[in-house]
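This report concerns only the one structure given below.
The values are calculated or read from the model by the stated rules, or taken from the named source; none is laboratory data. None of the values given here were measured: they were computed from a predicted structure. Every residue, glycine as well, gets a Cβ built from its backbone with ideal geometry; the counts of neighbours run over all protein chains shown.
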Amino acid sequence: MVFSRRRQLFARMRNYAPMYEINVEGTRNVLEAAGKVGCRKIIYTSTVGCIGVPKEVDGKIVPATELEKISDDQMSNDYKRSKFRAEGVAYDLFRKAGLPIVIVNPSAPVGPGDVKPTPTGKIIVDFLNGRLPAYLETGLNWVHVRDVAIGHILAAEKGTLGQRYILGNEQGNWTMKEALTTLERVTGIPAPKTKIPYWFALRVAEANEMISFVTGKPPRAPVAGVKMAKYKMWFNPDKSIRELGLPQTPPEQAFTDAVAWFRANGYVKN
């Protein structure tokens, strides 16, 4: 009960206003500016987090397409909500102001050059450094970051105005266990065998964020990430392959390239 009250207090203390200001109003400012200077085509980078999660048909998960609508309960964090509103701004500017906008929705990019690293890249870095003793089962659509970059160029060349395009890989819909097994094959490092229950991961993430609020350091396990793990974020990039000619580099190659880059650039400590 005490822990629950602390969690509610912590949630109220978080201020996500700057995120909405940047993601939503920042998007509006940039798109309007691009329209004013006469850009013939504007590519807006959204995320598959703005697309509804896959549905289960006859016991099988069917990867979602661009047409799948997202529900309120699937927008599990402020980042997704802010990106969803930003995508709405892009649609409004296309429909009402006539701006030549094409929307691209990357899935889970991985590959070389991930300086920060991103959340997907951090999975690989933690794996390489032995910081993944266990895993939380989920599902992602893994795509080579190079294909995502090329997808933006192809959208500018061939994309239909007012349309959205999933930049993903048709062979990249893997469970976390499958992704870690691939990393084991690529690196020779044993993959973790222990699967963490969802409820336990959520409690750990909440404690992590409370500690993070005090220390100012990013949480190792953010609550938003754990909540998103409830869904298998599997997507169907057929439209991008068919209309844009999106490359389909094997996801295992993306992992191989990412591992080589992280090793070569000092991210592996052991």
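Scanning region 54-69 for residues that are more than 14 Å from PRO106 (Cα to Cα) and in contact with a Lys or Arg (Cβ under 8 Å, 6 or more places away or on another chain), we see that the one that is surrounded by the most Cβ atoms within 10 Å (Cβ to Cβ) is PRO54. Selection of region 75-100 for residues being part of a helix (DSSP H, G or I), surrounded by fewer than 19 Cβ atoms within 10 Å (Cβ to Cβ), over 24 Å from the mean Cα position of the chain (by Cα) and not charged (D, E, K, R) yields only ALA97. Inside region 221-270, residues that are touching a Lys or Arg at 6+ places or on another chain (Cβ under 9 Å), among the small types (Gly, Ala, Ser) and crowded, with 19+ Cβ neighbours inside 10 Å make up a count of 1.
Restricting to region 122-138, name every residue that is touching a strand residue (DSSP E or B) at 6+ places or on another chain (Cβ under 8 Å) and surrounded by fewer than 23 Cβ atoms within 10 Å (Cβ to Cβ).
PRO133, ALA134, TYR135, LEU136, GLU137, THR138
The requirement of being surrounded by 14 or more Cβ atoms within 10 Å (Cβ to Cβ), at pLDDT below 95, under 23 Å from GLY49 (Cβ atoms) and among the β-branched types (Val, Ile, Thr) is not satisfied by ILE166. In the set (1) farther than 25 Å from GLY59 by Cα; (2) modelled with pLDDT of 95 or more; (3) of a type outside the set (Lys, Arg); (4) assigned to a helix (DSSP H, G or I), the condition left unmet by GLN248 is number (4). Taken together, the residues in region 18-52 that are over 21 Å from the mean Cα position of the chain (by Cα) and of a type in the set (Gly, Ala, Ser) amount to 4.
Would you check if GLU178 is of a type in the set (Asp, Glu), under 30 Å from VAL89 (Cα atoms), surrounded by fewer than 19 Cβ atoms within 10 Å (Cβ to Cβ) and within 20 Å of the chain's Cα centre (by Cα)? Judged against the criteria, GLU178 is not a match. Applying the set (1) surrounded by fewer than 18 Cβ atoms within 10 Å (Cβ to Cβ); (2) at pLDDT 95 or above; (3) within 28 Å of ASN208 (Cβ to Cβ) to VAL24 leaves exactly one unmet item: (1).
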